[in-house]
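As structure tokens, the structure follows; a few thoughts come after it.
The values are calculated or read from the model by the stated rules, or taken from the named source; none is laboratory data. Remember, predicted model here, so these are calculated numbers, not experimental data. Cβ sites come from the backbone with ideal geometry, for glycine too, and all protein chains shown count toward neighbours. Please note that ligands, DNA and RNA were not included when accessible areas were found on the heavy atoms of the full protein model with its side chains. Shrake-Rupley method; radii C 1.70, N 1.55, O 1.52, S 1.80 Å.
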Amino acid sequence: MNEQHPSAASGELVLGIESSCDETAAAVVQNAVRIRSNVVSSQVAIHRPYGGVVPELASRHHLQNIVPVVEQALSDAGLTLPELDGIAVTRGPGLVGALLVGVQLAKSLAYVHKLPLIGVNHLEGHLCAARLAPRPPTGPLQQAHGPPDRHLALLVSGGHTALLMVEQFGRYRLLGATRDDAAGEAFDKVAKLLSLGYPGGPIIEGLAEQGDPNAIRFPRALPRRDELDFSFSGLKTAVVNRVRRHGVPQGQEQADLCASFQQAVCDVLVRKTLAAARLQRAPAIVASGGVLANKAIRGALAAATTESNLELFVPPVALCTDNAAMIAAAGTLRLRANERSGLDLNAQARLPLGV
Ligand code: KG4
Ligand code: ZN
């Protein structure tokens, strides 16, 4: 990094760009922890009529929105491009056409302004969101300090459900992952089945608040204590079979079904996370990804970890779902390690963590 750089005194300023799915996002983060700006332009309303993300539409809307979103992030941060120390962009996993919009813009900006460029794994971004928790803490899930280098990570989003041992930043060991649907995907599919709309997570969460989580006993797959893989397709099928037998529920029955489904997902996530922490002797847990926006799941994880004397780091709700601040944070740590991407950086639909 250029030592004569005007921002050297104030710390590393990195612009993050995220366009892997249906959020067009840009953010400026300082020193990998302090959010200077965080702009998220959601396409949810565009995809809602289709009950899911339409890749073609996503790419088109990213193209329309990405430049204004980046301009807004810079203006909110009170910065111009030449004042930055680097640009971080999500390079995968995600929808390839959507990813390409962010990658191409990041490459152009890095080239024109001679800034270091780093392609970031979206999943690493989700894990780094826990480093962005406000200091001083503003809620029970935020600690006064960031997570320790070695910790267990629970990543639960629309495309992934996994438990990982993070030995240090960038060194990951996969302990378990879903064998079929991701937890977020299960929320979305159940919501679709009940004709509730898209995305399913927040809608089911809202309805579940009025329901009885013990009304229906849905299956909890792979119950063995040392089994760290997940499976949510059996749970989804149980909901399908119930709807076939009894019809699409309304009113209190609908709320009870949502609460019981959410409880089944929650139980499995909490139980396996605690088992993994015990097996790995991990003193701290980072939990992140869109599904961790769910208050019931956040609460259950907080209660269980407190009881087991484990430290828990969960980002604020707005940083659990897709955003670019987490990409900027991950990118800053990679740039610090002297990693750079070339102008041949490409988008990758599939990209395992640690690559
Ligand atoms: O991390 P994310 O924003 O995007 C991906 O990388 O996939 O996660 C989106 C997923 C969707 O499946 C959505 O239904 C789920 O997270 N989600 C929730 C909640 N908010 C979002 N699931 C349960 N409860 C929520 N409040
Ligand atoms: Zn995500």
Any idea which residue in region 26-69 is least open to solvent (accessible area, probe 1.4 Å), counting only those that are among the small types (Gly, Ala, Ser) and in a helix (DSSP H, G or I)? ALA58
One residue is enough: does region 286-299 have a residue meeting the conditions open to solvent by less than 10 Å² (accessible area, probe 1.4 Å), away from ligand 1 (no atom under 13 Å from the Cβ) and in the same structural domain as LYS236 (by TED's automatic domain parsing)? yes
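Results for (1) surrounded by fewer than 19 Cβ atoms within 10 Å (Cβ to Cβ); (2) more than 18 Å from the chain's Cα centre (by Cα); (3) within 17 Å of SER20 (Cβ to Cβ), shown as yes or no for each residue.
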{"position": "LEU310", "(1), (2), (3)": "no, yes, no"}
{"position": "CYS320", "(1), (2), (3)": "no, no, yes"}
{"position": "MET326", "(1), (2), (3)": "no, no, yes"}
{"position": "GLY342", "(1), (2), (3)": "yes, yes, no"}
{"position": "LEU345", "(1), (2), (3)": "yes, yes, yes"}
Looking at (1) within 16 Å of ligand 1 (Cβ to nearest atom); (2) surrounded by fewer than 16 Cβ atoms within 10 Å (Cβ to Cβ); (3) not in a helix (DSSP H, G or I), find the lone condition where VAL120 falls short. (2)
Against the conditions (1) more than 20 Å from the chain's Cα centre (by Cα); (2) modelled with pLDDT of 95 or more; (3) under 22 Å from GLY139 (Cα atoms), where does VAL291 fall short? Just the number, please. (1)
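Quick check on region 184-192. Is at least one of its residues among the aromatic types (Phe, Trp, Tyr) and either away from ligand 2 (no atom under 16 Å from the Cβ) or at pLDDT below 95 (or both)? Steps first, answer last, please.
The initial filter retains those residues of region 184-192 that are among the aromatic types (Phe, Trp, Tyr), namely 187.
Retained after the next criterion (residues that are either away from ligand 2 (no atom under 16 Å from the Cβ) or at pLDDT below 95 (or both)): none.
The answer is no; no qualifying residue exists.
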I'd like the full set of residues that are farther than 24 Å from ALA162 by Cα and open to solvent by 20 Å² or more (accessible area, probe 1.4 Å), limited to region 179-210. LEU193, SER195, LEU196, GLY197, GLY206, LEU207, GLU209, GLN210
What are the residue pairs meeting all of these: first residue in region 68-94, first residue among the basic types (Lys, Arg), second residue part of a strand (DSSP E or B), Cβ atoms under 6 Å, and 6 or more apart or on different chains? ARG91/GLY119
Within region 298-346, how many residues turn out to be within 15 Å of ligand 2 (Cβ to nearest atom) and within 26 Å of LEU109 (Cβ to Cβ)? 12
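So which residues in region 70-113 are in a loop (DSSP other than H, G, I, E, B) and either crowded, with 22+ Cβ neighbours inside 10 Å or of a type outside the set (Gly, Ala, Ser) (or both), if there are any at all?
Taking region 70-113 first, the residues in a loop (DSSP other than H, G, I, E, B) are 78-80, 84-85, 93-95, 113.
Residues satisfying the conditions are LEU79, THR80, LEU84, ASP85, PRO93, GLY94, LEU95, HIS113.
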If you take the residues of region 16-32 that are in contact with a helix residue (DSSP H, G or I) (Cβ under 6 Å, 6 or more places away or on another chain) and among the charged types (D, E, K, R), which of them is nearest to ligand 2 (Cβ to nearest atom)? GLU18
Restricted to region 245-285 and to residues being open to solvent by less than 10 Å² (accessible area, probe 1.4 Å), in contact with a strand residue (DSSP E or B) (Cβ under 6 Å, 6 or more places away or on another chain) and part of a helix (DSSP H, G or I), the residue farthest from ligand 1 (Cβ to nearest atom) is ALA277
State yes or no: is LEU154 in a loop (DSSP other than H, G, I, E, B) and not polar (S, T, N, Q)? no
